[in-house]
Amino acid sequence: MKPAPFRYCAPETVDEALELLATGDPEDEVKLLAGGQSLVPAMNFRLARPGLLIDLNRIAELASIATRDDAEGSILRLGAMVRQSAAEHSPDVARLAPLMGEALPSVAHTQIRNRGTVGGSLAHADPAAELPAVMLALDARMHLRSVRGERAVDAGDFFLGLFETALEPDEMLTAIEIDAASAVEGSCFEEVSRRRGDYALAGAAARVRLDADGTCRFARLTFLSVADLPVRALEAEQMLLGERPHDELLRAVAEHAARREIDPGSDIHASSAFRRHLAAGLARRTLATAVSRATAAHGATDHGGASS
Amino acid sequence: MLSDFLRHELGLTGTHVGCEHGVCGACTLLLDGDAVRSCLLFAVQCSGCDVRTVESLAGQRAGEGAATEDPLHPLQEAFREEHALQCGFCTPGFLMSLVPFLERHPDPSDEEIREALSGNLCRCTGYQNLVAAVRSAARRLRAEPGEPDAAS
């Protein structure tokens, strides 16, 4: 239960870290250490035996939460090393990405979130983790850097499989950008786990925007813990567009997503069939809550606005 | 690991080591004021940080053997009175998780208390006494603000 020997360095800038990552270690695996709440247990079990550990915890530039405005609206920018607990208590996250704010308390326990980072969870890409599914629902953009340059990858193209992402070996996730939630949007996150703080048996995230007459103009539905990677239910989303959501429709949409768009495995925690059952219920509930929140948001803006 | 460094290099054996993969919470301590698992931290990472272990709570200096006259921390008093520990192995982790919790939630609901306890495992008490102890500690802390803050 102790890590195998490794070399350790703690750069203070992103450039320094990228240089180390590019040089690497020809003999051994190189790992970036973020919050260490998944990597260090794996090292203690010796499932991971990196030869070189590049600790990102001294890089201040990666740890900030920022907002900016462009023509389209506000953008929330989370440095990859923002602690999950910092995001959980951030007023900017609550205001601009309420779905993320709602999901964060479900990420393990306070003691883990105090150390675990937003970027670390995404780069680790555990299909049972909350944040990948949330980023998929939020259409987040992942900013990746290497000594070769910088690129942005949509969340939909970032998660490739079990613990697998679009990150090249010399690349680092440096920031996540999220477009601010629309004022007339409703969202909801919910998961089912055996005990508080456990990995979820299944979870769902939903976002809905409605017209003034209640017609759905935008929908996102994503799942965690129901496949090898976080899943977006594109067909279910299509079924909602142009419709006025009601209980029967939401039930049909949720059933479709759970039957056709996910591929849950069986393990000691839950069977595939039970996960599908949970996914259907969670999809229906998160969509229903998102719809009622979107409806309430409309009411609020109608009262606040002059006329329309 | 930070947990091993504290115990083996510094002789601070108040921090207990249980699962060594971040699940049981026995090794919880405060790093710059936040409760964290010391079995998931390398000691070198904490250079320059403020590390607070269970030894800091009662003001009893480590290594001196006999307890001084310093009183127990109100949380420790409450644990003793409400029988919130039996074998005591998990206790330091619970205490160090609860210190920042009670600072931020001076008047917690039972729901909040249960949530705060959920990150630590106890195999003796069954948690009910832990809930009662946290309730009682919160009352004590509200009654006498300004907890003794011993340097460790």
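Going by average Cβ density within 10 Å per residue, which order do the peptides B:12-20, A:225-233 take, highest to lowest? Please list the in-between numbers first.
Values: B:12-20: 19.6, A:225-233: 24.3.
Descending mean neighbour count gives A:225-233, B:12-20.
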In the stretch A:8-26, the residues losing 20 Å² or more of accessible area (1.4 Å probe, heavy atoms of protein chains only) relative to their chain alone are A:Tyr8
Please report, in cubic angstrom per residue, the volume enclosed by the convex hull of the alpha-carbon atoms of chain B.
109 Å³
Once normalised by the length of chain A, the mean sequence separation of its alpha carbon contacts under 8 Å that are 6 or more apart gives a contact order in percent of 15 percent
Give me the Kirkwood hydrodynamic radius of the stretch A:5-153, using the inverse of the mean 1/r over all pairs of distinct Cα atoms, in Å to one decimal.
16.3 Å
Sum -39500 (n - 2.57) across every DSSP H segment of at least 4 residues in chain B, then divide by the residue count to get the 222 nm mean residue ellipticity, nearest 500.
-9500 deg cm²/dmol
With all protein chains present, chain B has a carbon and sulfur share of its accessible area (1.4 Å probe) in percent of 49 percent
At the level of C-alpha centres, the distance separating the stretch A:11-49 and the stretch A:243-281, in angstrom, is 37 Å
Kindly sort B:Ser109, A:Ser272 by accessible area of their heavy atoms, largest first, with the probe set to 1.4 Å.
B:Ser109, A:Ser272
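Given the protein assembly as shown, what whole percent of its Cα pairs are spread farther than 38 Å?
Here the long-distance tail beyond 38 Å is 30 percent of all Cα pairs in the protein assembly as shown.
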Rounded to two decimals, the Debye log10 I(q)/I(0) of the stretch B:2-56 (Cα scatterers, no solvent) at q = 0.18, 0.21, 0.31 Å⁻¹ is -0.49, -0.68, -1.51
Cα gyration tensor shape of the stretch A:1-61, rounded if a/c is under 1.5, else prolate or oblate by comparing a/b with b/c
oblate
Please give the per residue accessible area of the stretch A:50-164, computed with a probe of 1.4 Å over protein heavy atoms only, in Å².
36 Å²
In Hz, Karplus ³J(HN,Hα) per residue of the stretch A:288-295 (6.51, -1.76, 1.60; θ = phi - 60°; x = Gly, Pro)
4, 5, 4, 5, 5, 5, 5, 5
Threshold 50 Å² - residues in the stretch B:14-50 whose accessible area is reduced by that much or more when the chain is no longer isolated, probe 1.4 Å:
B:Glu20, B:His21, B:Arg37, B:Leu40, B:Phe42, B:Gln45
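With the contact rule set at Cα under 8 Å and sequence spacing of 6 or more, what percent relative contact order holds for the stretch A:63-179? Before the final figure, lay out each step's value.
On the way: 223 pairs, mean separation 32.0, N = 117.
Computed over the stretch A:63-179, the figure is 27 percent.
Which whole-number percent gives the relative contact order of the stretch A:7-55, counting Cα pairs below 8 Å spaced six or more residues apart?
Worked out over the stretch A:7-55, it gives 55 percent.
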For the interface of A with B, what's the total buried accessible surface in square angstrom, probe 1.4 angstrom, rounded to the nearest hundred?
2000 Å²
Ranking by accessible area, most exposed first, for B:His21, A:His143 with a 1.4 Å probe:
B:His21, A:His143
Can you run phi through the Karplus equation (6.51, -1.76, 1.60; θ = phi - 60°) for the stretch B:137-142 and list ³J(HN,Hα) in whole Hz, with x for Gly and Pro?
5, 4, 4, 4, 5, 5
Report, as an integer, the average count of C-beta atoms from other chains found within 10 Å of each Cβ along A:110-119.
6
Kindly identify residues of the stretch A:45-71 having a loss of at least 40 Å² in accessible area between the isolated chain and the assembly of all protein chains, probe radius 1.4 Å.
A:Arg58
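Would you tally the net charge around A:Ser182, using a Cβ to Cβ cut-off of less than 10 Å, leaving A:Ser182 out, and scoring K and R as +1, D and E as -1?
+1
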Accessible area expressed per residue, the stretch A:185-302, with surrounding protein chains retained (probe 1.4 Å, Å²)
47 Å²
Suppose all protein chains stay in the model; what accessible area per residue would a 1.4 Å probe give for chain B, in Å²?
47 Å²
For peptide B:113-119, compute the average count of partner chain beta-carbon atoms within 10 Å of each residue's beta-carbon.
4
Whenever you get a sec, compute what percent of the accessible area on chain A sits on carbon and sulfur atoms (1.4 Å probe).
49 percent
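With the cut-off at 1.5 for a/c, could you classify the stretch A:182-244 from its C-alpha gyration tensor as rounded, prolate or oblate?
prolate
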For chain A, what does -39500 (n - 2.57) per DSSP helix run (n ≥ 4), summed and divided by total residues, give at 222 nm, in deg cm²/dmol to the nearest 500?
-10000 deg cm²/dmol
Which of rounded, prolate or oblate describes the stretch A:185-302 when judged by the alpha-carbon gyration tensor and an a/c cut-off of 1.5?
prolate
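The values are calculated or read from the model by the stated rules, or taken from the named source; none is laboratory data. Values in this document were obtained by computation on a predicted structure and should not be read as measured data. No Cβ is skipped: glycine too gets one built from the backbone with ideal geometry, and neighbour counts run over all protein chains shown. Ligands, DNA and RNA are stripped out before the accessible areas are found, and what is left, the full protein with its side chains, is counted by its heavy atoms. Shrake-Rupley method; radii C 1.70, N 1.55, O 1.52, S 1.80 Å.
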